[in-house]
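Q: Pasting a structure below so you can have a look.
The values are calculated or read from the model by the stated rules, or taken from the named source; none is laboratory data. Everything quoted here is computed from the prediction, not taken from an experiment. When we count neighbours, we look across all protein chains shown, and the Cβ atoms used for this are built from the backbone with ideal geometry, even at glycine. Note: areas computed on protein heavy atoms with side chains; ligands, DNA, RNA excluded. Shrake-Rupley method; radii C 1.70, N 1.55, O 1.52, S 1.80 Å.
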Amino acid sequence: MLVVTNLDVFYGRIHAVRRASLHVGKGEIVALIGGNGAGKTTILSTVSGLIRPREGSLTFDGHDLGRTRPEKVVRLGLSHVPEGRRIFKPMSVGDNLLLGAFHRAKFGRRALLDQDLDAVYALFPKLAERRAQAAGTLSGGEQQMLAIGRALMARPRMLLLDEPGMGLAPNIMSEIFRHIRALRDEMALTVLLVEQNAKQALRIADRGYVLETGRIILQGPAEELTENRDVQRAYLGREQDGQA
Amino acid sequence: MNLAALLQYLVSGLTVGATYGLTALGFTIIFNTTGLINFAQGEFVMLGGMFAVSFAHLGLPVGLAVVLAALATTVVGAVMERLTIRPVAGAPAINLVIITIGVSILIRGLAMLAWGKDTFALPAFSGEVPLLFLGAAMQPQSLWVLALTLSLLAGLRFFFSHTMYGKGMLACSFDRRAAYLVGISVERMVLLSFMIAALVGATGGAILAPLTMTAYDVGILLGLKGFAACILGGLGNPFGAAAGGLILGVLESLGAGYLSSAYKNAFTFIILLLFLFVRPTGLFGRSSGERV
Ligand SMILES: Nc1ncnc2c1ncn2[C@@H]1O[C@H](COP(=O)(O)OP(=O)(O)O)[C@@H](O)[C@H]1O
Ligand SMILES: [Mg+2]
């Protein structure tokens, strides 16, 4: 569904992503793991059109993404839930969700959007309780649900999730990951999941890639990566110290 | 204290303040979507008045002349964005701000060529027989200015809180990157913000013109006053900025009335400097840390 081939991305002279290739098949959950500064966010931002690659190709369902503007990528059915959630904090929860459907808003379509709003509220009942509240007043977990809900309002076929577990208490993090799993299992969404928390990510993923200083150094089925010595040492062990 | 005189000062202050407020509103709308101070905002106000004078001169009814002037200036705002801002999008903010200064000089120069250096008057919308109220004499035009300004504010309020485009523009101001990611065309929002800023600024200039006269260079001072109103009300908050304009107009008018009219403009700039030093977020501003 998403195919990234030999991607090179620069920030000025900083070579942030080096000849990275990955693919995500329809209905898969693929984890992209790697430490801080490895280039995970850069890859997602390039896929969603926020950054232009220097070299390499990106295709989504056959559409070339290399020159596609971010607002067009959303229209193709690929939604990006950014690192740090980036919800519109001063606006209400309801308005945040509605904005997720920005490009679908046309005269006379309001009923359709209301249906989708109800579907998101059914998925995340906590958001329903707080629909009139300013988004900035939500807890971290609720903000993450809002960010995901906002992306769902675009009716995507695939989600890019950038560190959805960041800064959340372990039980809240597990709840978010359960939701991600359910999105795939029940709504047939395809997911590319970026995480520093490799353990949680590999637990729900089918396959994974390990990124280090801009290069993909390992890939394989999730169980295999979980068993891998290097991965355990570099990305799984640290969790026990509570640093990951 | 003489109540009639006080009332008189209040009304004339609110009238001029309404135009400051609309100018300020234009500043904040562009600032919110782009992070820029558009120094050509005052020229939009000038163009509103001058276009209205020209249209009225062609024999059009004054109401129609004002509407056409506002629309013509909206086109100027759109052209400015497309020709001078969009091609250099992504350039450092300081470069863009300097471009807006260049555009303001250009517009003023063209206006001088087109209209000369004379001062023009626009007929009042409904005569000039003063209305007496508690001993104060009020120009009917003052009521027009206040009523039109309030309707424009109400319209914008509706736009920002009840329409998808309005919410989208707000979203750009809160988080540009996230706005892209939800599928908002940020470029289109920037264009729209220049158009709205031009529209409200020009309306402010055109409705005030019957009271104050207008000329090719009134944009400089009106722009500065509008900017001071923004700082007073809070740069990130459109309606705070509009309120800042009204407050500034009243302060100026009271100062001129009770102290000395010679220092009328100085009051504005003392207030501006005080706020820049003491409370840069303005009376109603959210903390600048929230802008991304
Ligand atoms: N806007 C930027 N400008 C310059 N360098 C950047 C920028 N964003 C990220 N980088 C650099 O690119 C590299 C990859 O960053 P990033 O993709 O954010 O990593 P990750 O998401 O894996 O933590 C890092 O070395 C980072 O310092
Ligand atoms: Mg990152």
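Q: Rounded, prolate or oblate: which fits region B:19-217 when a ≥ b ≥ c are the square roots of the eigenvalues of the alpha-carbon gyration tensor, with rounded for a/c under 1.5 and prolate only if a/b beats b/c?
A: In terms of gyration-tensor shape, oblate.
Q: Only loop residues by DSSP count here, and only those with at most 13 other Cβ atoms within 10 Å; note down the chymotrypsin sites (Phe, Trp or Tyr not before Pro) in region A:79-187 that meet that.
A: Counting only loop positions with at most 13 other Cβ atoms within 10 Å, the chymotrypsin sites (Phe, Trp or Tyr not before Pro) in region A:79-187 are A:PHE107.
Q: What is the interface area between chains A and B, defined as buried accessible area summed over both chains with a 1.4 Å probe, reported in Å² to the nearest 100?
A: Chain pair A/B: roughly 2100 Å² of buried accessible area.
Q: From largest accessible area down, sort B:PHE284, A:PHE124; use a 1.4 Å probe on the protein chains.
A: The ordering from most to least exposed comes out as B:PHE284, A:PHE124.
Q: Based on the Cβ-Cβ distance of A:ARG203 and B:LEU58, what FRET efficiency does E = 1/(1 + (r/R0)^6) give at R0 = 45 Å, to the nearest 0.05?
A: The calculated FRET efficiency here is 0.05.
Q: Under the Kirkwood approximation for Rh and a Cα-based Rg, what ratio Rg/Rh is obtained for chain A?
A: 0.96
Q: I would also like to ask the following. Using 1/(1 + (r/R0)^6) with R0 = 60 angstrom and r between the beta carbons of B:LEU134 and B:MET112, what's the FRET efficiency to the nearest 0.05?
A: 0.90
Q: Using a 10 Å cut-off on Cβ to Cβ distances, tally the other chain neighbours for every residue of B:169-180 and report the average as a whole number.
A: Average per residue, whole number: 6.
Q: Take each of the peptides B:237-250, A:221-234, average the number of other beta-carbon atoms within 10 Å over its residues, and list them starting from the highest.
A: B:237-250, A:221-234
Q: Just by accessible area at a 1.4 angstrom probe, what is the order of B:TYR165, B:TYR20 from largest to smallest?
A: B:TYR165, B:TYR20
Q: Turning to a different aspect of this structure: Could you tell me the accessible area of B:ILE220 in Å² (1.4 Å probe, neighbours in place), rounded to the nearest ten?
A: 80
Q: Under 15 Å Cα to Cα from A:LYS72, which aspartates and glutamates show up? Leave out anything in the same chain fewer than 8 places away.
A: Reachable aspartates and glutamates: A:ASP61, A:ASP64, B:GLU187.
Q: Any idea which of B:SER104, A:LEU98, A:LEU76 is furthest toward the positive side of the dipole for the protein assembly as shown, if Lys and Arg beta-carbons carry +1 and Asp and Glu beta-carbons -1?
A: Going by the Cα projections, it comes out as A:LEU76.
Q: Moving on. With +1 on each Lys and Arg Cβ and -1 on each Asp and Glu Cβ, how big is the dipole of region A:2-235 about its Cα centre, in debye rounded to the nearest 20?
A: I would put it at about 700 debye.
Q: What is the mean number of Cβ atoms from other protein chains located within 10 Å of the Cβ atom of each residue in peptide A:69-76, rounded to a whole number?
A: Shielding by partners across A:69-76 averages 4.
Q: Also, I was wondering about something else. For the cross-link pairs A:LYS40/A:LYS89; A:LYS40/B:LYS167; A:LYS126/B:LYS167; A:LYS199/B:LYS167; B:LYS167/B:LYS264, which exceed 27 Å when the distance is taken from alpha carbon to alpha carbon?
A: In this structure, A:LYS40/B:LYS167; A:LYS199/B:LYS167; B:LYS167/B:LYS264 lie more than 27 Å apart at Cα.
Q: Now, a different point. Just check the protein assembly as shown against the gyration tensor rule for me: Cα atoms, a ≥ b ≥ c as the square roots of the eigenvalues, rounded for a/c under 1.5, and otherwise prolate or oblate depending on whether a/b exceeds b/c.
A: Cα axes put the protein assembly as shown in the prolate bin.
Q: Follow-up. Partner chain Cβ atoms within 10 Å, averaged over the residues of A:152-159 - can you pull that number for me?
A: Neighbouring Cβ atoms belonging to other protein chains average 1 per residue here.
Q: Where the accessible area of region A:150-233 is counted over protein heavy atoms with a 1.4 Å probe, how much of it, in %, is carbon and sulfur?
A: Summing carbon and sulfur atoms, their accessible area is 47 percent of the total for region A:150-233.
Q: Do the sum for chain A: with -39,500 (n - 2.57) for every DSSP H run of n ≥ 4, divided by all residues, what is the mean residue ellipticity at 222 nm, to the nearest 500 deg cm²/dmol?
A: Value at 222 nm, helices only, nearest 500: -10000 deg cm²/dmol.
Q: With a 1.4 Å probe and all protein chains kept in place, how do B:TRP115, B:TRP144 rank by accessible area, largest first?
A: Sorted by accessible area, descending: B:TRP144, B:TRP115.
Q: Per residue, how many Å² of accessible area does region A:2-235 show with a 1.4 Å probe?
A: 42
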